[in-house]
Amino acid sequence: MRATRLDPRLMEKLVTKTGKPLKYMREQVSKRASKLGISAEAAMILWAKEFGIGTSTFQRGLDPHIQEEVRAGLPALFAAPTPPASKGNGKTHGQKKEAKRARPASGLRAAIDYLLSDEELKRRCTRMLTAKDSFDSAFREATTVLDDRLKKLAQIKGKINPDALVAKTLHPSKAILVVSEYDDEQEGFFNLVKGLMAAFRNPTHHSLNDKLTREDALRFCGFIDALLTILGQARVNLPPAEGT
C-alpha cells in the first residue's frame, strides 16, 4: 500500500488558518478523502485551496493520478458559498477576527487553478485575474506568454513582429512547430493563432479597454492555456544551421 504523504508545511498553514490542532486536521483530511473517494493528498490540497492557500509546489511533486484527482475536484469549489456575516452572536473581537481570517476564499482561485495548467501562464496572470479592474492586462500578459513560448520552442532570438513570428513557426509550408502531420490541421492552427494575435494581442498592446470583464479574461486565458498545451506537444522541425 502506498504511504500517504501530507506535506507538513501545507498542513501547518491549514492549522494556522483554522486554529484547530494538528491531530484534528489530519483526521479531517482523512475523513474528507474517504467521503470524496480520493487520496488524502488530494483532499488536503482541495481543502487548502478553499482557504486561498497556495499548493502548486507540493502539487507538482505528486503522482499524475493524484494531480488529476485535484483537477477533477476543483469545480465543486467554484460555487462554494461565503459564510454569512456574524450578527451579534456574542463573540469577542479576537474571535470575530479569527473567524474572518479562517473564512474560505471564493471559488475564483479554484477556477483559475482548474482552467490554467500552464505554470508560467498561471503565475503571470493570476494577479490580474483576481484584481478589481483593468482585466485587459490579462489579455496582454497571456498573449505575451504565447508570443514568448513560440520563440522559445522555435529557438528564435531577437525581435520579430507577431505576424512574422506566427508565419515562421506555424505556416504549413515551413513550420518549425508541427502540431499536426496533416496540412489542413496545421493550417487551421496557424490561422487560429494568426487571427488571435490580430484580434486580441495587437489591440490590447496598443490601447486600453475597460469594457473587458473578469469573465472575459478567464475565458481568454483558458483558451491560451489550451493553445500552449498543443504547442507543448508539437514536433520541433528546426531549419538547418547556416553553412551546413
**Study point:** Residue identified as in contact with a Ser or Thr (Cβ under 7 Å, 6 or more places away or on another chain) and modelled with pLDDT of 85 or more among GLU12, GLU69, GLU27
**Key:** GLU69
**Study point:** Any chance LYS211 is more than 19 Å from MET128 (Cβ to Cβ) and of a type outside the set (A, V, I, L, M)
**Key:** no
Review point. Hey, LEU62 hits all of (1) assigned to a helix (DSSP H, G or I); (2) under 23 Å from the mean Cα position of the chain (by Cα) but one; which does it fall short on?
Key: (1)
Check your understanding: Where residues in segment 36-59 are modelled with pLDDT under 90 and surrounded by fewer than 13 Cβ atoms within 10 Å (Cβ to Cβ), which of them is farthest from ALA72 (Cα to Cα)?
Key -> THR57
Check your understanding: Has segment 221-237 got any residue that is over 19 Å from the mean Cα position of the chain (by Cα) and modelled with pLDDT under 95?
Key -> yes
**Study point:** Test: LYS23 is in a helix (DSSP H, G or I), assigned by TED's automatic domain parsing to the domain that holds PRO75 and touching a residue at least 24 places away in the same chain (Cβ under 8 Å)
**Key:** no
Practice item. Kindly provide the set of residues from segment 115-149 that are more than 24 Å from ILE160 (Cβ to Cβ) and either touching a Lys or Arg at 6+ places or on another chain (Cβ under 7 Å) or of a type in the set (Val, Ile, Thr) (or both), ordered by number. Key: LEU116, THR126, LEU129, THR130, PHE135
Review point. Pick from segment 128-155 the residues that are at pLDDT 95 or above and β-branched (Val, Ile, Thr): which of them is surrounded by the fewest Cβ atoms within 10 Å (Cβ to Cβ)?
Key: THR144
Point to revise | Residue satisfying condition, being within 30 Å of GLY73 (Cα to Cα), of a type in the set (Asp, Glu), in the same structural domain as ALA226 (by TED's automatic domain parsing) and part of a helix (DSSP H, G or I), within set GLU187, GLU141 | key: GLU141
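The values are calculated or read from the model by the stated rules, or taken from the named source; none is laboratory data. As the structure is a prediction and not an experimental result, all values here were calculated from the model. Heads up, the Cβs are rebuilt from the backbone with ideal geometry, glycines too, and the neighbour counts pull from every protein chain shown.
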